[in-house]
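Where a number appears in this text, it was derived from the coordinates with a stated rule and is not lab data. None of these values were measured; they are calculated from a predicted model. Heads up, the Cβs are rebuilt from the backbone with ideal geometry, glycines too, and the neighbour counts pull from every protein chain shown.
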Amino acid sequence: MVGQSDFRTEFKTFLEVNPFLKEILVNITQVVWIQDITTDRILYVSPAFESVWRRSCDSLYADPQLLITCVHPEDRVQVMNSKARNNHKPYNQTYRIVHPDDSITWIYSRSFLINDPVQKNEYLFCIADNISDKKEVESALRRTLDRIREQFDLSRKMSLARKPEAVLRTLVSAREMRPAQRAALLLFDDAKNGSVIGDETITSWTSNLVNSTWAGESNLYEEPGLRDLFHASKTVVVQDVQTDPRLTRSVRDILLEGKVTTLAIFPLTALGEWRGCLMVFYSAEHQFEHFELRHLKVLVDQASITLHNLELLQKEEESRREAERANKIKTEFLAMISHELRTPLTSILGFLQTLQAEDVSWKASEEHAFINTIQQEALRLQELIDHLLDLSRLEAGMLPITVEPHTLHEVIQDASPQLSMLTKGHTLTIHMADTLPAVNIDVKRIAQVLVNLVRNAATYSPKNTEISINAVVHREYVQINVKDQGPGISPGETRKVFKAFQRGLEVETGIIHGAGLGLAICKGLVEAHGGHIWIRRKSTPGTTVSFTLPIAHEHAFDHRQTKES
């Protein structure tokens, strides 16, 4: 038998005699080696070994076991169990090797036996190729296929959903959203107006792994700084809440209170209309790959269509119910208005008949009290008639409104007598900074709005509780808040109360009070000024009604200067 060193010498001489073969072995990217079956010694290895295995050829000559020790532990048994076949047919293997830096390379090898009949010896001839790029493509294709399957399954589930809550739960089950701790759907009530504070429906979801509550979550959705992040066509990702310069201080504080590190905001668009936003909150920093965002966009678009269809179904159901109740509402309306008109008229007529009685002699103080009662009931009757007229004019767009730059202090001054009378049994607190800008308003009409809101607050909150009025600046508007300490309004009723003839129970007596026109008139007056009115979500006891008025930039001035002049 020729010794191994002799074989290597002869093979080297053979390559020198056949330079074309030597050039092939030196330049091919595949690794070629020849191994003695009997001794396991490496007789030849091509230079490509060093670039693929990232080890020197000499190290392999010195230790042939490198071919085994470099194999990934999970694949080592497979490689070791492979036997050279006596029929000399080639066999293939796919496995991973681990480099000194712990990185991984996928290898595809093809091996077969070479028989030397002269020396009666057998050699193992192997050709190995780096297939890491191919494996990466295969892995990407599998991930893509998995996502397509997931899209199909989740789309099917969403198509069967009958409530926004079910749509949201389906969305957060997507692979990229599973690490999220919370999510919320904000659905705009009017797609044409887009994102308007207080004018949306919110559906929330919280992971079962989250044990703590987020007290400030409802306040977050009313922050104008959050609305600045919304976009009608682009996904917005806040990677790190702590450092992102786009966040206002108040928004950042609320998010940190909720232990949010990453925030993703996806627009909900259906039939070319921006219908809302999906917000996803992550407690740990979460990075999105571009393909992940594309995958999520497909799901979010499907959710948008589903939510739009659910909205159409809901509107159809509401229209059907409204049609069924039309006659009943008409009857109730006529009965209510008849009662509201008859009550003061009955009092007026009763006291007039009492005063006119010839068989009774009344003291001057008693007559004065009767006349005061008649006057109060007449004013109540006049107020009801005025409300009905104002509402009809607002709906017809015929209510005269003269808009000029004024300060809110002028509004408070105009409404002060009525506010004082309405809050005799309560504590009225007014916070109006002197530096508030002027607003474009009709003072009388906005004073009417404040009076109506304070009247409601006084009617529906217990005696000796506080009613507060304050104002803050938000971008192009001044926001006025009227807050009471009453029982509050349930989330499902916050929009209904602005419809005409919606009435509540008076706290002290439990009696249905008024004609239910006050908030409907407030809504019409505020919107006629280019503002918006809504019931704030309850994070504290009571009810807070907020409305906005546009700032008069060209006429803005300091209220203190007005007083001094």
Peptides 487-498, 206-217 ordered by average Cβ neighbours within 10 Å, highest first: 487-498, 206-217
Per-peptide average of other Cβ atoms within 10 Å, ordering 271-284, 412-425 highest first: 271-284, 412-425
Relative contact order [Cα under 8 Å, 6+ residues apart], the stretch 138-316, whole percent: 25 percent
Above-threshold pairs, the threshold being 18 Å between Cα atoms, out of LYS463/LYS496; LYS499/LYS523; LYS315/LYS496; LYS444/LYS523: LYS463/LYS496
Inter-label distance for ARG54 and HIS99, nm, one decimal - labels placed 7 Å from Cα along Cα-to-Cβ: 0.3 nm
Two-site label geometry, ARG162 and ASN372: point separation in nm, points 7 Å out along Cα→Cβ: 6.0 nm
Estimated FRET transfer efficiency (LEU313, ARG537; beta-carbon r; R0 30 Å; 0.05): 0.70
Cβ-Cβ FRET estimate between LEU271 and ALA215, R0 fixed at 45 Å, reported to 0.05: 0.75
